[in-house]
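The values are calculated or read from the model by the stated rules, or taken from the named source; none is laboratory data. Predicted model only: the values in this text are computed from it and were never measured. Please note: Cβ atoms are built from the backbone with ideal geometry, for glycine as well, and neighbour counts cover all protein chains shown. Only protein heavy atoms, including side chains, enter the accessible area calculation; ligands, DNA and RNA are left aside. Shrake-Rupley method; radii C 1.70, N 1.55, O 1.52, S 1.80 Å.
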Amino acid sequence: MIEFFSNLFAPIIHVLQFILGVFYTITSAAGLVSYGFPIILLTILIKVVTYPLTVKQIKSMKAMQEIQPKMKKIQEKYKNNPQMLQQKTGELFRESGVNPLAGCLPLLVQMPILMGMYYALFNFTFPSAEAAAFFWLPNMTEPDPLYILPVLSAATTYLQQKMSSTEMNAQMKIMMTIMPLFIGWISLTFPSGLVLYWVTMNLVQIAQQWWMYRGENAAVKEAH
């Protein structure tokens, strides 16, 4: 399976590994010989390039969550009339200016890049032991021996999800607990370089979401 996806995303993987090499040349010339710094820089670059897609995705998710109470009322009222349920749901989407596919399409566009980054780092060959080390990590091809990154991966995943959510039903609340725990659990065995990428990606998205909704947050504080 890994070999299949590696071949499928091979062009993207090669581009990302090339950019990693360029960043490594720059950072190592500055005295930062670890590949951890290029991984962080490349992750930031990816998130900056895909920021417009992230904005569309987050705003669509927020809009869908905000109309959930109205959708629930429609579902209860027309639960025995599928045709009317479909019609009223469509009307609600049009009145609210919500496209249920808008949150999925940006994610689908970003998936090849995210998958390419995953496989670019999964079996990455570092040029030296010094390049493979990063602060407390002796080798980024191996799991984090101190479990710092797995904890951060779970914590940042939870925070990123919480910032994206407004109205939550019982299923969403369960997912907000299960997803971070799952990410933290698989991070225990993943190469630490890959987990570093995930943590950095979450941190950048948290910063982007804060920036997107900074006006709303200020308004809420003033109201209180």
### Task
Note down all Cβ pairs under 8 Å where the first residue falls in the stretch 117-129 and is surrounded by fewer than 16 Cβ atoms within 10 Å (Cβ to Cβ) and modelled with pLDDT of 80 or more, the second is among the aliphatic types (A, V, I, L, M) and in a loop (DSSP other than H, G, I, E, B), and they're at least six residues apart or on different chains.
128/33
### Subset of the stretch 153-168 that is modelled with pLDDT under 90 and open to solvent by less than 70 Å² (accessible area, probe 1.4 Å) - its residue that is nearest to residue 68 (Cα to Cα)
168
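Is it the case, given these coordinates, that residue 4 is open to solvent by 60 Å² or more (accessible area, probe 1.4 Å) and either at positive phi or modelled with pLDDT under 90 (or both)? Talk me through it step by step, then tell me what you get.
Working: open to solvent by 60 Å² or more (accessible area, probe 1.4 Å): yes; either at positive phi or modelled with pLDDT under 90 (or both): yes.
Yes.
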### Summary
Given (1) over 18 Å from the mean Cα position of the chain (by Cα); (2) open to solvent by 60 Å² or more (accessible area, probe 1.4 Å), residue 63 misses just (2)
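Out of 143, 150, 180, I need the residue that is modelled with pLDDT of 80 or more, under 23 Å from residue 59 (Cα atoms) and open to solvent by less than 70 Å² (accessible area, probe 1.4 Å). Which one? Before you say what the answer is, go through the steps one by one.
Values: 143 fails: under 23 Å from residue 59 (Cα atoms); 150 fails: under 23 Å from residue 59 (Cα atoms).
Of the residues listed, the single one that is modelled with pLDDT of 80 or more, under 23 Å from residue 59 (Cα atoms) and open to solvent by less than 70 Å² (accessible area, probe 1.4 Å) is 180.
Of the residues 110, 87, which single one is part of a helix (DSSP H, G or I) and modelled with pLDDT of 80 or more? Working first, answer last.
On the way: 110 fails: modelled with pLDDT of 80 or more.
Residue meeting the stated conditions: 87.
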#### Entry: For residue 219: the one exception among (1) out of contact with any strand residue (DSSP E or B) (no Cβ under 7 Å at 6 or more places or on another chain); (2) of a type outside the set (Ser, Thr, Tyr); (3) at pLDDT 90 or above
(3)
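Go over the candidates 136, 211 one by one and state the one that is at pLDDT 80 or above, surrounded by fewer than 17 Cβ atoms within 10 Å (Cβ to Cβ), among the aromatic types (Phe, Trp, Tyr) and within 22 Å of residue 38 (Cβ to Cβ).
Details: 211 fails: within 22 Å of residue 38 (Cβ to Cβ).
Result: 136 is the single residue among 136, 211 that is at pLDDT 80 or above, surrounded by fewer than 17 Cβ atoms within 10 Å (Cβ to Cβ), among the aromatic types (Phe, Trp, Tyr) and within 22 Å of residue 38 (Cβ to Cβ).
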### Query
Taking interchain pairs and intrachain pairs at least six residues apart, which have beta carbon atoms under 7 angstrom, with the first residue in the stretch 155-175 and over 18 Å from residue 198 (Cα atoms) and the second modelled with pLDDT of 70 or more and basic (Lys, Arg)?
166/62
#### Entry: Criterion: assigned to a helix (DSSP H, G or I) and β-branched (Val, Ile, Thr) - qualifying residue of 125, 157, 141
157
### Message
I'd like the residue in the stretch 8-36 that is open to solvent by 50 Å² or more (accessible area, probe 1.4 Å) and either outside any helix (DSSP H, G or I) or in contact with a strand residue (DSSP E or B) (Cβ under 8 Å, 6 or more places away or on another chain) (or both) and, out of all such residues, is nearest to residue 201 (Cα to Cα).
### Response
32
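Looking for something within 22 Å of residue 149 (Cβ to Cβ) and surrounded by fewer than 18 Cβ atoms within 10 Å (Cβ to Cβ) - is there at least one such residue anywhere in the stretch 44-60? First the steps, then the outcome.
First pass over the stretch 44-60, keeping only residues within 22 Å of residue 149 (Cβ to Cβ): 44-47.
If we keep only those that are surrounded by fewer than 18 Cβ atoms within 10 Å (Cβ to Cβ) as well, we get 44-45.
Yes; the residues of the stretch 44-60 include at least one that is within 22 Å of residue 149 (Cβ to Cβ) and surrounded by fewer than 18 Cβ atoms within 10 Å (Cβ to Cβ).
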